[in-house]
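Below is one structure, written out as structure tokens; the observations come after it.
The values are calculated or read from the model by the stated rules, or taken from the named source; none is laboratory data. Note that the structure is predicted; figures quoted are calculated from it, not measured. Cβ atoms come from the backbone with ideal geometry, glycine included; neighbour counts cover every protein chain shown. The accessibility values were calculated without ligands, DNA or RNA, using every heavy atom of the protein model including side chains. Shrake-Rupley method; radii C 1.70, N 1.55, O 1.52, S 1.80 Å.
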Amino acid sequence: MVLSAALGLVGVGLLLAWWQGLGHALPIPGIVAWASPLLIAVGIVVLAIRTRRTLARDAGGVAPRQAVIRLLLGKTSLLAGAFLAGGYAALVLLAFQALPAPLAITRVIHGGIAVIASVACSVAGRRLENACRVPPSSGDTDANTPAR
């Protein structure tokens, strides 16, 4: 996760610096930049809650294929959210240089909200990953569980 965020920060930062070096302006993130990861995070949290409740009632309540799909969705959201958070953080850091210009303020505000929404997406992905863990049966103990 840290590597994904670092790649987003450094990769997008270098790309945006190169873009500015060509004489172009930084992009202006709008509502879509932060609304999309936020809506995805909400959907994933709902899925994580449903998965946790289902597995708490019945450990076999989720089909194996469905469990793997949910686990992969959680991992993807975790890594993509971290990458996006790093990328938007790079945009915010580069926009700070132009403050107090009006467009720089817009970039910093929307970019900052996008960082928070991307972190929320990442946290939601981690929560879904954790929800996919099957709780041990009431009779299972560590001593009785065979090694894999």
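When H110, H24 are compared by accessible area at a 1.4 angstrom probe, the order from most to least is H24, H110. About its Cα centre, the chain has a charge dipole of approximately 360 debye under the convention of +1 per Lys or Arg Cβ and -1 per Asp or Glu Cβ, with nothing else charged. Computed with every protein chain present, the accessible area of T106 is close to 50 Å² [probe 1.4 Å].
Carbon-plus-sulfur fraction of the accessible area of the chain, 1.4 Å probe, in percent? Walk me through the numbers on the way to the answer.
Values: 6450 of 9260 Å².
On the chain, the fraction of accessible area on carbon and sulfur atoms equals 70 percent.
Classification of segment 2-61 by its C-alpha gyration tensor yields an oblate form. The axis ratio a/c (a ≥ b ≥ c) is 1.5 or more, and b/c is at least a/b. Solvent-accessible surface of protein heavy atoms, probed at 1.4 angstrom with all chains present, puts I49, I44 in the order I49, I44, largest first. Seen from every direction in turn and averaged, the convex hull around the alpha carbons of the chain projects onto 11.0 nm².
Quick one: go through segment 66-89 and flag any residue whose amide nitrogen is under 13 Å from the point 7 Å out along the Cα-to-Cβ line of L3. In segment 66-89, the label zone of L3 (backbone N under 13 Å from the point 7 Å along Cα→Cβ) covers 79. Each of V42, V2, V92 has its accessible area taken with a 1.4 Å probe; listed largest first, they run V2, V42, V92. Using C-alpha pairs under 8 Å with a sequence gap of at least 6, the mean separation divided by the residue count of segment 23-120 gives a relative contact order of 47 percent. For the chain, find the longest principal axis of its Cα atoms and tell me its angle to the long axis of helix 2-21, 0 to 90°, nearest 10. So the helix axis and the longest Cα principal axis differ by about 20 degrees. Per residue, the accessible area of the chain comes to 63 Å² when a 1.4 Å probe rolls over the protein heavy atoms.
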